[in-house]
Amino acid sequence: RENQMKLVAYIRVSSSSSKFNTSLDDQLKRIQDHCDMMQHELVKVFAEVKSASGNVERAEFESALAWMVDHNLDGLVVYDLDRYFRDAAGGLMTCKKYFSADTGYTLVSASQNIDTSTDEGYFMFGQLLLFAEMERRKIVRRMNRGKEALRNAGYFPDPKPKFAQEVIEITDGHKKRRVVQRSEV
């Protein structure tokens, strides 16, 4: 394999509020800088504004992979692996399907300087998948503790007032929340 590759890029932010900051532009700039440094050609960019939590389908990610195959490119480049694979099993399935030694395609991470066409790169990809899954588990636990603390303080996600209670709207920082408030009876 020549050192120079033709790659398709995939960039993602998790929410529509994020798309207005520089995250997509920053990811693309860093990917382009990496491609320039490695003398790879960036052929096309797919961008997505969607959370990767749970089993959410990422249409643009699938389109990027299909475009890579249909146009016989060398691989896919992302900014950072933890933005694209949140569980080890799903990441390994995708890697085995598209980026194993049998397929001839490679996955490149610009920030981690990983290239799955090498044995070391493939190994590091697997290690980072496990790390990303651990981080996701920690985030979920932290969020669940926060939700429980809110419930214990009288905040409910879908408040349903009971006798001698009413639902009021409060502003908490920049977010508005509906909470159940006990009425003085």
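Label points 7 Å out from Cα along the Cβ direction at Arg145 and Lys29: separation in nm?
3.5 nm
Multiply the residue separation of Thr118 and Lys96 by 0.36 nm, subtract the distance between their alpha-carbon atoms, and state the gained length in nm to one decimal. Mind showing how you got there, number by number?
Working: separation 22, 0.36 × 22 = 7.92 nm, distance 1.39 nm.
Once the chain is fully extended between Thr118 and Lys96, it gains 6.5 nm.
What does the accessible area of Asp26 come to, in Å² to the nearest 10, when a probe of 1.4 Å is used?
Accessible area of Asp26: about 60 Å².
Between the range 32-50 and the range 58-106, what is the C-alpha centre distance in whole Å?
14 Å
As an exercise, use a Förster radius of 30 Å and the Cβ-Cβ distance of Glu135 and Gln39 to find the FRET efficiency, rounded to the nearest 0.05. Intermediate values should be presented prior to the final figure.
On the way: r = 32 Å, r/R0 = 1.07.
Working from the Cβ atoms, E equals 0.40.
Considering all alpha-carbon pairs of the range 87-129, what whole percent are spaced by more than 12 angstrom? Could you put the intermediate results ahead of the total?
Values: 492 of 903 pairs.
Considering the range 87-129, 54 percent of its Cα-Cα pairs are separated by more than 12 Å.
The values are calculated or read from the model by the stated rules, or taken from the named source; none is laboratory data. Keep in mind the model is a prediction, meaning the values are calculated, not measured. As a convention, Cβ positions derive from the backbone with ideal geometry for all residues, glycine included, and neighbour counts pool all protein chains shown. Accessible surface areas use protein heavy atoms only, side chains included; no ligands, DNA or RNA. Shrake-Rupley method; radii C 1.70, N 1.55, O 1.52, S 1.80 Å.
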